[in-house]
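The values are calculated or read from the model by the stated rules, or taken from the named source; none is laboratory data. Given the structure is predicted, the values throughout are model-derived calculations rather than measurements. Quick reminder, even Gly has a Cβ in these numbers, built from the backbone with ideal geometry, and neighbours come from all protein chains shown.
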Amino acid sequence: MVLFGLNLPIFLRAEAASLSGSKPVSCLLLFTAGGMSNIDTFDMQPDAPVEYRGEFTPISSNVPGTQVCEHLSRMAPVMDKVCIVHAESGNHAAAMRHMLTGYPQQPDPTGQTGGSTIDPAFGSVIS
């Protein structure tokens, strides 16, 4: 059986070739929907007026110019292994969809809410 131009022997050969001489890579997605606020964790805006900045003290991380919240003191020494990603949308539902699928929210051609296109989430693609 061939799927997308691949069959099992071709896939296994490609996988073996890509892994030879390299170590496995791990990725942990910490998606805090409804969780930690950005202004209280990674973007405290310490130079902003008091009514706009976060209430916690920023501390330096192991990445020059990058600070984290004082309550993330165990994360500060490993920030060189972290990638902070944020969506440009102010619409939380659209931003969540973009972050979890890699596809921006598109206007629904049917005029209904929720969209008619189903894009795969990162977990299903990786699996």
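Table for the structure above
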| item | result |
| --- | --- |
| Filtered residue count, segment 70-93, keeping only those that are surrounded by 10 or more Cβ atoms within 10 Å (Cβ to Cβ), of a type in the set (A, V, I, L, M, F, W, C), in contact (Cβ under 8 Å) with a residue 12 or more places away in the chain and under 19 Å from I39 (Cβ atoms) | 6 |
| Residue tally, condition of a type in the set (A, V, I, L, M, F, W, C), surrounded by 12 or more Cβ atoms within 10 Å (Cβ to Cβ), free of Cβ contacts under 8 Å to residues at least 24 places away in the same chain and closer than 17 Å to C83 by Cα, over segment 25-69 | 3 |
| Matching residues, segment 52-93, being of a type in the set (A, V, I, L, M, F, W, C), closer than 21 Å to L29 by Cβ and either in contact with a helix residue (DSSP H, G or I) (Cβ under 8 Å, 6 or more places away or on another chain) or at pLDDT 90 or above (or both) | V63, V68, C69, L72, M75, A76, V78, M79, V85, A87 |
| Filter result for P49 (modelled with pLDDT under 80 and at negative phi) | no |
| Enumeration of residues in segment 11-24 that are surrounded by 10 or more Cβ atoms within 10 Å (Cβ to Cβ), among the hydrophobic types (A, V, I, L, M, F, W, C) and either modelled with pLDDT of 70 or more or within 27 Å of K81 (Cβ to Cβ) (or both) | L12, A14, L19 |
